[in-house]
Amino acid sequence: MRLDGDALTLVFALEQGGGADLAYAGPRLPEKEDLAMLAAAAARGRHESQPDVPPQPGLWPQRESGWQGTPAARFRRLSGEIIAADFRLIAWSHEESALACRFADPRAGLHVSLHWRLFRSGAVLCLAEGCNARDEAIILEHLATLNLPVPSRFDSFTAFSGRWASEMQETRQPIAPNGLARASAGGKPGFGGGNWLLLHAGAEVLGAHLATSADHETRIVCDNAGSSNGRAILQMGAGLEPGGRIIPPKGAFGGAPVLFALAPDRSALAQIFHRHLREAVLPARAAWVPRKVHLNSWEALGFNLGEPALIALAEAAAALGVERFVLDDGWFGGRRDDTTSLGDWTVSPEVFPHGLGPLIARVHELGMDFGLWVEPEMVSPDSKLYRAHPDWCLHTQGRARPTMRGQLALDMARTEVRDYLFERLDALLREYPIAYLKWDHNRDLFPSAPGQTEGFYALLDRLRDAHPLVEIESCSSGGGRIDFGVLSRCTRVWPSDNNDAIERLRIIRAWSQFLPLEVLGSHVGPSPNPVTGRRLAMDFRAKVAVFGHMGVEADPARMSAQERATLAAHIALYKDWRGVLHEGALYRLAHPDRNVTALMVVHHGRALALAAQTAFSPVFDAAPVRLAGLDPQARYRVTLPEPWPPKAKHYLANPQSWRAGLVLSGSALMTDGLALPLTHPETAWLIALETIA
Ligand code: GLA
């Protein structure tokens, strides 16, 4: 049977009492394609060193038939004995855009259903659920929701890795016998990026994502032993706690959702993920108002908070055109540094003798709304909460309680913990007009304990039900908890604690492979940058920050008047263009100089591109920037929005023409491109395009 999207066809080979395989995944096939012949064309004869019935790992790989890779699932009895299961396909149902396959092993008392649904966006959502039909509890040790027999034209993959302040670093490797095995163990996706993956077949690309905030296990299993047909299998599922999960008698279990998509190139893949996130994941996305420009107090004031300093910061922010003032860490309990008070979510009388009221009133007078930082799932050993409830944190009885950033993690599986946090956050949101919460999470979850992600989601969902208009950002020391599970509950993520614009170019380009710009917080930081120590001109920092959900994370009082004017001009540009940047189709522009990063967003005949050089170009006249995603026949007025980069502008050949706008066809812009001065390090240009009749 087949599932068809606008541009994609998936063909499945289903055998009653046997297995389920993916016979084709790729560009849409003609209606009349003979599926039996398609399967016949892919079938392999048996070779000398195989089981007599060669195993077909397919969508539910298992060991019983002689396949030697990691099975889709592993079960044990409580005694520790492995339950040898031989699942057979017992039924399937096929609707226009969805397939459900039911597998069972009646002797083992186990059932599993796989659901694959193809969305209009072209994304495929995979779910797995199962049932323990036995009269005894069992242990589920491992469960991969997605087991994707990889079409053999895919011969390499891009994996992501990272660390604090340097998220989503790409490495490309061949799909080789060693395969890939990635897992996180910090109770969240973490900086490792193993919950995202790309497979390549020339320019064609397959992107996959584990859509949960829990730990992940990602594998590419190559059939080294040649026990089957030699195809690689991509497996993705949540990482379970050490020792596995107990499934009660007659109890159900489920796997974390996995999303994947195929596209002719990486821009097209980004567009599928963005469309899916916009249409099917982000809460009430269609009703969103324009993403307000933030100013966040963290890199401006750190812990040096006080009402007068914050009011001065808010006034300076408003003068720049900022629309939301965010009070970061340090406003509660005795928190004057990061060693104390997490858990004591009451406004500090020391910092705010009259509560947050006067600050918020001033912020509102200035025409901005107000946002607040919280880190609800954590507790400082030095806090009233910990002293009252030392057993509420994750710990092993009688063992040391190692901290990270001086803090412990609350056990979110406990109802009383979630009730306490709900009561505190709800009280704050009732008392004060808070439009936005930056929800942080700065410690890994150890020792590990079941139910943490479920508990986090339950608290978040309860709070969102009670305060549906409050926007929430997922931050985890930057990008440590970014996934489509949290994004079904949030409106934005914090991609990295690294605001250095050179680092951010790479980080934004990597995240925007999967996430649209409107959810990627993108702030202008101070110079020198507190993380990297690098100094960058305001023009460069501001242009880079336009490509995201723009904000400022620096103290305008420490900028020169010229810097403030440059920043204000870019905030105004962002406001003019956010309708395009946040609704349109993103293109990753290729450039022969690997130090040039170029992105572009096209929406309803308008487009904005960013081209940024980070090094000194090897040739003086850097290659033209070739645009993408335009209508070849349409004519566009092209301008370079000012202010222009201070040094590079002197090398612009026709400033007057650029001001008036050059009129060029989409075809010329995509073929020849624009010869911009991109020679000098730390030079960025914005390129604006509008169709003309
Ligand atoms: C984390 C966040 C930062 C900031 C600090 C405050 O590191 O990622 O943006 O909010 O916490 O302590």
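Read-outs: derived from the displayed coordinates by stated rules, not from any lab. Quick caveat: nothing in here was measured; it's all calculated off a predicted structure. Heads up, the Cβs are rebuilt from the backbone with ideal geometry, glycines too, and the neighbour counts pull from every protein chain shown.
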**Report entry** Descending semi-axes in whole angstrom, ellipsoid equivalent of region 223-366, from the Cα gyration tensor
**Finding:** 47, 25, 16
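If you take the Cα Rg of region 109-151 and divide it by 2.2 N^0.38 Å, with N the number of residues, what do you get? Show your work: numbers first, answer last.
Numbers: Rg = 13.8 Å, N = 43, 2.2 N^0.38 = 9.2 Å.
In units of the globular-protein estimate, region 109-151 measures up at 1.50.
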Query raised in the report: Got a sec? How would D135, D382 order by Cβ neighbour count within 10 Å, fewest to most?
Result: D135, D382
Report summary line: R430 and R336 label points (each 7 Å along its Cα→Cβ direction) are spaced in nm at 3.2
Report task. Can you spot the lysines whose alpha carbon is less than 19 Å from K543's alpha carbon? Ignore those fewer than 8 places along the same chain. Result -> K292, K575, K647, K649
Requested in this report: Could you list which residues have their amide H under 5 Å from that of W92, counting only those 5 or more apart in sequence or on another chain, with H placed in the peptide plane?
Outcome: R102
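Compute, for the chain, the length of the dipole vector about the Cα centre, with Cβ point charges of +1 (Lys, Arg) and -1 (Asp, Glu) only. Units Debye, rounded to 20.
Working: 70 positive and 76 negative charges, 172 e Å.
Computed about the Cα centre, the dipole is about 820 debye.
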Query raised in the report: Per residue and in cubic angstrom, what volume does the convex hull of the Cα atoms of region 151-222 have?
Result: 88
Report summary line: Between A634 and F616, the two model label points (7 Å from Cα along the beta-carbon direction) sit apart by a distance in nm of 4.1
Report summary line: Here, E454 and R387, labelled 7 Å along Cα→Cβ, have an inter-label distance in nm of 3.5
Query - Footprinting exposure proxy for R489, R626 (fewest neighbouring C-beta atoms within 10 Å first) - result: R626, R489
Report summary line: In this structure, the FRET efficiency calculated for A252 and T396 from their beta-carbon separation, with R0 = 35 Å, to the nearest 0.05, is 0.75
Query raised in the report: Of G194, G251, G237, whose Cα points farthest to the positive end of the dipole of region 149-287 (charges on the beta-carbon: +1 Lys, Arg; -1 Asp, Glu; origin at the Cα centre)?
Result: G251
Query raised in the report: Does region 2-281 come out rounded, prolate or oblate by the C-alpha gyration tensor, with a ≥ b ≥ c the root eigenvalues, rounded set by a/c under 1.5 and, if not, prolate when a/b is larger than b/c and oblate if not?
Result: rounded
Query - Cα-based Rg / Dmax (Å) for region 587-692 - result: 12.8, 36
Query raised in the report: Could you work out Rg/(2.2 N^0.38 Å) for region 1-143, with Rg from alpha carbons only?
Result: 1.15
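Considering only the other residues whose Cβ falls under 15 Å of the Cβ of A607, what net charge follows from Lys and Arg at +1 and Asp and Glu at -1? Mind dumping the intermediate values first?
Numbers: positive: R578, R588, R606, R626, R635, R637; negative: D576, E583, D631, E690.
After counting each charged neighbour, the total is +2.
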Query raised in the report: How long, wide and thick is region 386-445, going by the Cα atoms along their three principal axes, in whole angstroms, largest first?
Result: 43, 23, 20
Query raised in the report: By how many nm would the segment from R46 to E279 lengthen if fully extended, with 0.36 nm per residue of separation less the alpha-carbon distance?
Result: 79.3 nm
Query raised in the report: Gap in Å between the Cα centre of region 272-310 and the Cα centre of region 547-571?
Result: 17
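From the C-alpha gyration tensor of region 537-585, pull out the three semi-axes of the equivalent ellipsoid (sqrt of 5λ each), sorted largest to smallest, in whole Å. Spell out each step's value before the answer.
Working: eigenvalues 95, 18, 14 Å².
Equivalent ellipsoid semi-axes, largest first: 22, 9, 8 Å.
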**Report entry** Cross-link reach list, aspartates and glutamates versus K188, counting only Cα pairs under 13 Å and skipping chain neighbours closer than eight places
**Finding:** D215, E217, E241, E377, D440, D444, E454, D483
Query raised in the report: What is the sum of charges around A39, taking Lys and Arg as +1, Asp and Glu as -1, for the other residues whose C-beta is under 12 Å from the C-beta of A39?
Result: -2
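Mean residue ellipticity at 222 nm from the helices of the chain, using -39,500 (n - 2.57) per DSSP H segment of n ≥ 4 over the full residue count, to the nearest 500 deg cm²/dmol? Don't skip to the answer; put the middle values down first.
Values: 13 runs with 136 residues, N = 693.
Theoretical 222 nm ellipticity from helices: -6000 deg cm²/dmol.
Please list, by residue number, every one of the GluC sites (Glu not before Pro) in region 306-358 that is coil in DSSP and has at most 15 other beta-carbon atoms within 10 Å.
Working: sites: E315, E323, E350; in loops: E323, E350.
Sites meeting the loop and neighbour criteria: E350.
Within 15 Å, Cβ to Cβ, of L89, how many net charges do the neighbouring residues add up to if Lys/Arg are +1 and Asp/Glu are -1?
Details: positive: R88, R102; negative: E15, D21, E64, D86, D105.
That works out to -3.
Neighbouring Cβ atoms within 10 Å as the yardstick, rank I246, I508 fewest first.
Details: I246 15, I508 25.
The fewest-first ordering by Cβ neighbours comes to I246, I508.
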**Report entry** Residues of region 246-260 with amide N under 14 Å of a point placed 7 Å along Cα→Cβ from E129
**Finding:** 251-257
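Using the Kirkwood formula over every pair of different C-alpha atoms, what hydrodynamic radius in Å results for region 74-224? Spell out each step's value before the answer.
On the way: mean 1/r = 0.0568 Å⁻¹.
Every distinct Cα pair counted, the radius reaches 17.6 Å.
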Query raised in the report: Could you work out Rg/(2.2 N^0.38 Å) for region 285-494, with Rg from alpha carbons only?
Result: 1.01
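Whole number please: convex hull volume per residue of the Cα set in the chain, in Å³? Write down the numbers at each step before the final one.
Working: hull volume 117.2 nm³, N = 693.
In the chain, the Cα hull volume divided by residue count equals 169 Å³.
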